[in-house]
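The values are calculated or read from the model by the stated rules, or taken from the named source; none is laboratory data. Keep in mind that what you see is a predicted model, and the values were worked out from it rather than measured. Please note: Cβ atoms are built from the backbone with ideal geometry, for glycine as well, and neighbour counts cover all protein chains shown. Note: accessible area is taken over every heavy atom of the protein model, side chains too, but ligands, DNA and RNA are not part of it. Shrake-Rupley method; radii C 1.70, N 1.55, O 1.52, S 1.80 Å.
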Amino acid sequence: MRYVIIGGDAAGMSAAMQIVRNEPNAQITTLEKGGIYSYGQCGLPYVISGVIPEAEDLIARDVETFRSKYGIDAKTYHRVQSVDTEKKTVSGTNTRSGDAFTYEYDRLLVATGVRPVMPDWNGRDLSGIHMLKTIPDAKAIMGDLDHDVEQVTIIGGGYIGLEMAECFIHAGKKVRLIERNEQVAKIFDPDMAAYIHDEAEKYEIELCFKEQVEGFEGNDRVEYVVTDQQKYATDLVLIAVGVTPNTDFLKDTPILVNERGVVVVNTYMQTNVVDVYAAGDCATHYHRVKQTNDHIPLGTTANKQGRIAGQNMINRAKTFQGIVGTSVLKFMDLTLGRTGLSEREAKELNLPYDTVKIKSKDIAGYYPGAEKLHVKLLYNTENQRVLGGQFIGKHGVDKRVDVLAMALFHEMTIPDLEDLDLSYAPPYNGVWDPIQQAARRAK
């Protein structure tokens, strides 16, 4: 059987490896628009900061390994431009040679991921303006930092914006962050985001809220960021205002996408078209707490969905069990973790909810090195079911967010949290874990 996979990163190659390992005679062709396969995009900020020595350290398997060891016909610089679901063909252009290509498939996987959004701002083509998604993007930023850069302006206060703010601070740069909303990290409630703001101020990161960027000014190279309120001098700009799915080439096909261009899939990673699958950042993600499709592009989900898509493509039925909205990131001295719903999301779903918020310690309070840990839980007031949680502190955040993610996955209640048998020793925890402390104070 002929398998064509569009996209050579997490979801695409996870699927390809499932086919390789379980169907010996499969003909697998993968079409990657870039030149690098299977690398950890989430590690790019740490390459720029120098924590990870080389960008190539992020590559799990290079393209030659897929070709020589696994027998995959792994193409590079192959940009797909159209799909014909009746003829079962995929067509496009080799961006290096300019040659057109067409491949026939028996089963197709769309695993094209997302790309950063570049708004239609004046001056956006000036040098010194960057986005971050690929290894070449990271190398371009690293090279540009050597050009007498002192002031960096980041537009957007999400994951990438915060991680790159830390990166630039460690590089000795002055950092300004412009955010059109009233807070950074919209995935957190405002009262929790306040701790992130305090951390930014501690490191003299300039936060500019409720400002809309209108464009850039400069002679060849960016010199100013212009907003609806003022003009900021800058030496380098990083735009991190969101992402959009790479699904434009599907517009003339019957493959169903939602209003954001995300490919709609069922639990088997099947689209509405027979023999066409989708997985990863370009596909929908069923949210177990919201009980509806969502779109939260993360590497963990992409790898899971890719693996499941590959198994279903070879008739080994397996379903994707969904997400609960779990994420964690490092910002300066803090770890920021959340899972489930925020208050904003609970309100949008018209759920009856309440919250409980405490300030605890990450380990036993009397043990040396104990640090503050801020905990906030959301729960349904009708049935006490846990709806979400947010955690911010120097240490112990990842452990708590993962415990609560497990609780959300299994639809546990606030009383259930109190009954959990969690690990305890003074260097690692108090006798009551901070999650349980918060649960005990819930109404």
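If the cut-off is 19 Å between C-alpha atoms, which lysines fall inside it for Lys318, apart from same-chain ones fewer than 8 positions away? The qualifying lysines are Lys304. Ignoring any ligand, DNA or RNA, what whole percent of the accessible area of segment 266-358 comes from carbon and sulfur when the probe is 1.4 angstrom? Accessible surface attributable to carbon and sulfur in segment 266-358 totals 46 percent. Solvent-accessible area per residue in segment 314-402 equals 43 Å², computed with a 1.4 angstrom probe and all protein chains kept. Using 0.36 nm per residue and subtracting the Cα-Cα separation, the extra length available between Lys174 and Glu259 on full extension is 26.8 nm. Modelled this way, with points 7 Å down the Cα-to-C-beta line, the labels at Thr300 and Trp432 are 2.7 nm from one another.
Could you look at segment 181-226 and say what percent of its accessible area is carbon and sulfur, using a 1.4 Å probe and all protein chains? Carbon-and-sulfur percentage of accessible area, whole number: 42. Pairs over the 19 Å Cα-Cα cut-off, from the set Lys133/Lys231; Lys231/Lys330; Lys173/Lys202; Lys210/Lys372; Lys173/Lys394; Lys69/Lys139: Lys133/Lys231; Lys231/Lys330; Lys210/Lys372; Lys173/Lys394; Lys69/Lys139. Measuring nothing but how far apart in sequence close Cα pairs (under 8 Å, 6+ apart) lie, relative to its length, the chain scores a relative contact order of 14 percent.
Percent of alpha carbon pairs in the chain separated by more than 27 Å? Tail of the P(r) past 27 Å holds 59 percent of the pairs.
Of the beta bridges in the chain, as assigned by DSSP with both residues counted there, near 60 percent are antiparallel. Of the residues Asp362, Asp220, Asp275, the one that moves most in a GNM of the chain with alpha-carbon contacts below 10 Å is Asp220. This model, with +1 at the C-beta of Lys and Arg and -1 at the C-beta of Asp and Glu, gives segment 31-180 a dipole about its Cα centre of some 320 debye. Rounded to the nearest 20, the Cβ-based charge dipole of segment 290-355 about its Cα centre (Lys and Arg +1, Asp and Glu -1) stands at 420 debye. For segment 249-308, the residue among Ile255, Val276, Thr300 whose Cα projects farthest onto the positive side of the dipole built from Cβ charges is Thr300. Given a Förster distance of 51 angstrom, what is the FRET efficiency for Gln81 paired with Lys202, based on the Cβ-Cβ distance and rounded to 0.05? Given R0 = 51 Å and the Cβ-Cβ separation, E is 0.60. At 7 Å along Cα-to-Cβ for each site, give me the label-to-label distance between Ser68 and Asp252 in nm. Between Ser68 and Asp252, the label points sit 4.0 nm apart. Counting Lys and Arg as +1 and Asp and Glu as -1 over every other residue whose Cβ lies under 13 Å from the Cβ of Pro297, the net charge comes to +1.
Here Lys376 is the anchor, and the aspartates and glutamates within straight C-alpha reach of less than 12 Å, apart from those fewer than 8 places off in the same chain, are Asp189, Asp191, Glu343, Asp354.
Rounded to the nearest 500, the 222 nm mean residue ellipticity of the chain from helices alone is -7000 deg cm²/dmol, with -39,500 (n - 2.57) taken per DSSP H run of at least 4 residues.
Could you tell me the calculated FRET efficiency between Gln212 and Ser127, based on Cβ-Cβ distance and R0 = 25 angstrom, to the nearest 0.05?
Values: r = 23 Å, r/R0 = 0.94.
Efficiency, from the Cβ-Cβ distance: 0.60.
For Asn219 and Val51, the difference between the fully extended length at 0.36 nm per residue and the C-alpha to C-alpha distance is 57.1 nm. Note on Glu182 and Arg96: the model spin-label points, each 7 Å out from Cα along the C-beta direction, lie 5.2 nm apart. Residues of segment 412-431 with an amide N closer than 17 Å to a point placed 7 Å from the Cα of Arg441 along the Cα-to-Cβ direction: 414-415, 417-418, 430-431. A Förster radius of 56 Å, combined with the Cβ-Cβ distance separating Ala194 from Asn25, puts the computed FRET efficiency at roughly 0.45. Per residue, segment 81-172 exposes 46 Å² of accessible surface when a 1.4 Å probe is rolled over the protein heavy atoms with every protein chain present. With a cut-off of 11 Å between beta carbons, the residues surrounding Gly158 carry a summed charge of -1, where Lys and Arg count +1 and Asp and Glu -1. In a fully extended conformation the segment linking Tyr268 and Thr292 would gain 7.1 nm over its present Cα-Cα distance, using 0.36 nm per residue. Among Ser360, Ser68, Ser38, the largest mean-square fluctuation in a Gaussian network model of the chain (Cα springs under 10 Å) belongs to Ser68. When the charge dipole of the chain is built from unit charges on Cβ atoms (+1 for Lys and Arg, -1 for Asp and Glu) and taken about the Cα centre, the candidate among Met118, Tyr379, Met164 whose Cα reaches farthest toward its positive end is Tyr379. Only Lys, Arg, Asp and Glu carry charge here, each on its Cβ (+1 for the first two, -1 for the last two); on that basis the chain has a dipole of about 1220 debye about its Cα centre.
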